[in-house]
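Notes follow the structure.
The values are calculated or read from the model by the stated rules, or taken from the named source; none is laboratory data. All of these numbers come straight from a predicted model, not from anything done at the bench. Neighbour counts run over all protein chains shown; Cβ positions are idealised from the backbone, glycine included.
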Amino acid sequence: QQQVKQSPQSLIVQKGGISIINCAYENTAFDYFPWYQQFPGKGPALLIAIRPDVSEKKEGRFTISFNKSAKQFSLHIMDSQPGDSATYFCAASKSGGSNYKLTFGKGTLLTVNP
Amino acid sequence: DVKVTQSSRYLVKRTGEKVFLECVQDMDHENMFWYRQDPGLGLRLIYFSYDVKMKEKGDIPEGYSVSREKKERFSLILESASTNQTSMYLCASSLWVSGGEQFFGPGTRLTVL
């Protein structure tokens, strides 16, 4: 049972373009949605996160858009740079009980060409 | 800075061997996690621990066990390694808060021959 579906599996973007990665979830109890970035040879690191009380969160060139009714959220990378080339994972968790447990998407390999 | 360290970056073992993967965090985090990462499958949770000597199964616990005797250390044990356990193993830790950020180690690439 895959609770967080991520697409696309891979993405190639030209430098300066916009990268968009989408995630959909099934469990309406989820209330925390982080994105992790992983460079080759490194562990994932938190990039940006959102809670469902807002529809958008922006940090520099990275924006999360959240659609609660559609149970979808997406990561937008504006002015994509070759240094953004990495694997991106969306994730979700819920408060209460095992509230520290994240459910991850399968990941998107982003390549930004110079 | 939070630091999560894993005992080995690369490990090669033979089928049937008992394998220990060690993870240490230096930020006094209550929660610790073991994941495996495989191409196209993302990060899958094996076990996690929310306190010393406490553990809970994740999504794929079969063939694994864990030990947490001290707060800063969380060990993953493969009782009898098999070739289908060849993978990248990632350890993470977080504070005891809802939606707490997980901090990951660099990973151990385990090959079972």
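Looking at the structure I just gave you, is B:Ser87 touching a residue at least 60 places away in the same chain (Cβ under 8 Å) and either at the interface with another protein chain (Cβ under 8 Å from one of its Cβ atoms) or of a type in the set (S, T, N, Q) (or both)? No; evaluated as a whole, the condition is false for this residue. Of all residues in the range B:24-46, those satisfying the criterion of being buried (at least 20 other Cβ atoms within 10 Å of the Cβ) and more than 11 Å from every other protein chain (Cβ to nearest Cβ) are B:Gln25, B:Trp34, B:Arg36, B:Ile46.
Among the residues of the range B:16-37, which ones are touching a helix residue (DSSP H, G or I) at 6+ places or on another chain (Cβ under 9 Å) and of a type outside the set (A, V, I, L, M)?
B:Arg36 - this is the single residue of the range B:16-37 that is touching a helix residue (DSSP H, G or I) at 6+ places or on another chain (Cβ under 9 Å) and of a type outside the set (A, V, I, L, M).
Kindly provide the set of residues from the range B:27-71 that are at positive phi and of a type in the set (Ser, Thr, Tyr), ordered by number. If the condition is that a residue be at positive phi and of a type in the set (Ser, Thr, Tyr), then no residue fits. Taking A:Tyr32 as the residue in question, decide whether it is at the interface with chain B (Cβ under 10 Å from one of its Cβ atoms), over 11 Å from the mean Cα position of the chain (by Cα) and among the aromatic types (Phe, Trp, Tyr). Yes. The number of residues in the range B:60-84 that are out of contact with any helix residue (DSSP H, G or I) (no Cβ under 7 Å at 6 or more places or on another chain) and either in a strand (DSSP E or B) or within 12 Å of another protein chain (Cβ to nearest Cβ) (or both) comes to 12.
One residue stands out in the range B:90-113 among those that are assigned to a strand (DSSP E or B) and either away from chain A (no Cβ under 14 Å) or among the basic types (Lys, Arg) (or both): the one that is surrounded by the fewest Cβ atoms within 10 Å (Cβ to Cβ), namely B:Thr111. Counting only strands (runs of 3 or more DSSP E) that fall entirely inside chain A and contain at least 3 residues that are crowded, with 19+ Cβ neighbours inside 10 Å, the qualifying elements are A:19-25, A:33-38, A:72-77, A:86-92, A:108-113. If you go through the range B:1-38 and keep only what is in a loop (DSSP other than H, G, I, E, B) and among the acidic types (Asp, Glu), you end up with B:Asp1, B:Glu17, B:Asp26, B:Asp28, B:Glu30. Report yes if A:Ala92 is at pLDDT below 95, under 15 Å from the mean Cα position of the chain (by Cα) and not hydroxyl-bearing (Ser, Thr, Tyr), otherwise no. Against the criterion (at pLDDT below 95, under 15 Å from the mean Cα position of the chain (by Cα) and not hydroxyl-bearing (Ser, Thr, Tyr)), A:Ala92 qualifies. Residues that are in contact with a Leu (Cβ under 6 Å, 6 or more places away or on another chain), farther than 21 Å from B:Trp34 by Cα, at pLDDT 95 or above and within 11 Å of another protein chain (Cβ to nearest Cβ) do occur in the range A:5-20, at least one of them. Within the range B:47-59, the set of residues being within 13 Å of chain A (Cβ to nearest Cβ) and part of a loop (DSSP other than H, G, I, E, B) comprises B:Gly58, B:Asp59.
The residues of the range B:62-84 that are free of Cβ contacts under 8 Å to residues at least 24 places away in the same chain and crowded, with 16+ Cβ neighbours inside 10 Å amount to a single one, B:Ser67.
Is at least one residue of the range A:31-48 in contact with a strand residue (DSSP E or B) (Cβ under 7 Å, 6 or more places away or on another chain) and over 23 Å from B:Ser93 (Cα atoms)? Steps first, answer last, please.
First pass over the range A:31-48, keeping only residues in contact with a strand residue (DSSP E or B) (Cβ under 7 Å, 6 or more places away or on another chain): A:32-39, A:43-48.
Retained after the next criterion (residues that are over 23 Å from B:Ser93 (Cα atoms)): none.
No, because not a single residue in the range A:31-48 is in contact with a strand residue (DSSP E or B) (Cβ under 7 Å, 6 or more places away or on another chain) and over 23 Å from B:Ser93 (Cα atoms).
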